[in-house]
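Have a look at the structure below, then the notes.
Just so it is clear, none of the values below were taken in a lab; they were calculated from the coordinates. Please read all numbers here as calculations on a predicted model, not as lab measurements. Positions of Cβ are generated from backbone atoms using ideal geometry, with glycine treated the same way; all protein chains shown enter the neighbour counts.
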Amino acid sequence: MSIDMKGSKPLFHRVSYFETDQMSIVHHSNYIRWMEDGRTDYMRQNGVDYAWMETQGVIMPVVSVSCEYKESAFFDEIAEIRTRVAFFNGVRLKFEYEILNEKGHVLVSGKSEHCFLDKASRKPINLYKKLPECCEITARLIKEEEQA
């Protein structure tokens, strides 16, 4: 998998000391956090601000997440986080990620799946009915990915 960023810019993250173990290697749990940072940044860049969605009464919990570790990141390196929408149907949304080091080597590839819930009731909702403007943006992003 190689993620073409299209109009979106990757997110860059400098590895902090607290994210590493005694060998200066990034602890595996941090890559999941970086994927979340990449996802919220990607959404914001493309006109779907997650904070705004919450003010509209929509939350987007993680249903599943997976991560394939290929190489290690180390203290003080710059990691490049690439994100793309892989699937959307109004009820579920899937993202794919690649995290690269400064040499362009893929450190991690991953996926996350989300659903949409009403913030107050915590019941599933269809985003097409609740926030159609977000759906239009997401549909455009998927179309751009398919044409890549």
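Listed values, structure above:
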{"read-out": "Kirkwood-based shape ratio for the chain, expressed as Rg/Rh from alpha carbons", "value": "1.00"}
{"read-out": "Within a Gaussian network of the chain (alpha carbon springs, distance under 10 Å), most fluctuating of Glu80, Glu98, Glu68", "value": "Glu68"}
{"read-out": "Long-range amide H partners of Lys119 with built H, under 5 Å", "value": "Val58, Ile59"}
{"read-out": "Shape parameters for segment 73-148, alpha-carbon atoms, Rg then Dmax in Å", "value": "15.8, 46"}
{"read-out": "Separation in nanometres of the label points that stand 7 Å from Cα toward Cβ, at Lys130 and Asp118", "value": "0.9"}
{"read-out": "Folded to 0 to 90 degrees: helix 132-146 orientation relative to the chain principal axis, Cα", "value": "50"}
{"read-out": "Rounded tilt (10° steps) of 29-45 against the dominant C-alpha axis of the chain", "value": "50"}
{"read-out": "Candidates Arg84, Arg92, Arg39, ranked by Gaussian network fluctuation over the chain, Cα under 10 Å, top entry", "value": "Arg92"}
{"read-out": "Neighbour-count ranking [beta-carbon atoms within 10 angstrom, fewest first] of Cys134, Cys115", "value": "Cys115, Cys134"}
